[in-house]
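Nothing in this text is a laboratory measurement; each read-out follows from the coordinates by a stated rule. All values derive from a computational prediction rather than experimental measurement. Neighbour counts run over all protein chains shown; Cβ positions are idealised from the backbone, glycine included.
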Amino acid sequence: MRDTFVSRDRQKTNMLIKKMKTALLLIFISTAVLKSQIPSDMCAINTSITSGTYNKHPTTKKSFQKRYTVSEVYDSVYGINLYEKFVAEFKDDGLRADNKGMLCQGWNEDFYDSGKLLHKGYYVDGKLIIYKNYYPNGQVERNFKRISLVRSQLTVYTPTGENRSRVDYYKGNTRKWVDYYPCGLVEYMEVYSKNTNYLVQRRSYFSDGTPESVFELHNKRKKEYLKKEFYETHTLKEEGTMRFDKTMLDFTKNGLWRSYDEKGNLLTEETYASGKRVNYVSYFQF
C-alpha cells in the first residue's frame, strides 16, 4: 500500500513540474514578443550549421550584418521563405549563426541594401521562435507566431497587405492551410486531423468563390474519401470515391465513378478496385 502512495506522490510531483515548465515557457514566449525593442545581436545568414563546431553562447558584441538585394531573398511563387529552415517547430537541421560561428540569440534584424527592414526574429540557440519578414515597401510579407506550446501560425501577405496564405501548425505539422485570391476569397484549403495524422478535406475554388474541386473524408475507418469536380458553370463534372493506398503512398480510385457534361447529363460510369478500372459504361447523348 505504501508503494502505491509513493507512486501517486511521484505522479503528482511530475505533473506539477510539467505544469511549471509549461508556464515558464509561455512566459518566456510572451516576454519575447513584448520586448521587441530590446537591442539585438545582428546575425547574417552566412552560415547554416548542421554539424561541426560552434559556440552556443551569445556574443556580447554586434556581429557582422549583411544586407540583401530583393532578388536574393524574394521568390515570385514562395515569397521570402529563406528563414523557414531556422524555425524550431519545423524540425529542420538549420541553425543560424554569425560570421564568427556564434549561434544567434535574442532579437535579430536583417535589411535590404536600401536600408529597409527585411526580417526581424527572436532566436534561441540559432532557432527561430517568432519572426516577421517585410517587403521593400515596408509591408509585412509574413508573420510567424506561437499560439501555444504545440500550436503556431504563419500568415503570408501580398505587397499591398491582403492575405495570401494562412497556415496553422500543430507540433510543426500542417493542421490547416488556406490560400486566398487577391480579392480575399478562398482559392484553396486543406485540413488535417487534430493530430495531423490524416487528411480530412481538400478544396479548391474558382475566382468567384464557387467550388472547383472537393475532396472530403467519407469513411474514417477505411480512410475513404468522396471527390467531386465541377465545371466553371458550377455543374458537376465528375464524382466518385478514393482510398489512401499505403503501398503507393497516394490516393487511388475505388468503387463507382460517374462523369457528366456541362448540362448535367450522365456520360460515363466506371468501377475501380484499388486504382484499377474493372468496368466501364458509356452513355451517348443524342
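State all residues of segment 237-286 that are among the small types (G, A, S) and within 37 Å of the chain's Cα centre (by Cα); if no residue qualifies, say none.
Of all residues in segment 237-286, those among the small types (G, A, S) come to 240, 255, 259, 264, 273-275, 282.
If the condition is that a residue be among the small types (G, A, S) and within 37 Å of the chain's Cα centre (by Cα), then G240, G255, S259, A273, S274, G275 are the ones that fit.
Hey, which of the strands (runs of 3 or more DSSP E) in segment 102-206, taking only ones fully inside, have at least 3 residues that are among the polar types (S, T, N, Q)?
151-157
Find the residue count for segment 201-216, including only residues that are under 19 Å from D168 (Cβ atoms) and surrounded by fewer than 17 Cβ atoms within 10 Å (Cβ to Cβ).
Here the count works out to 2.
Would you tally the residues in segment 163-208 being of a type in the set (D, E) and either closer than 14 Å to V150 by Cβ or touching a Pro at 6+ places or on another chain (Cβ under 6 Å) (or both)?
Of the residues in that region, 1 qualify.
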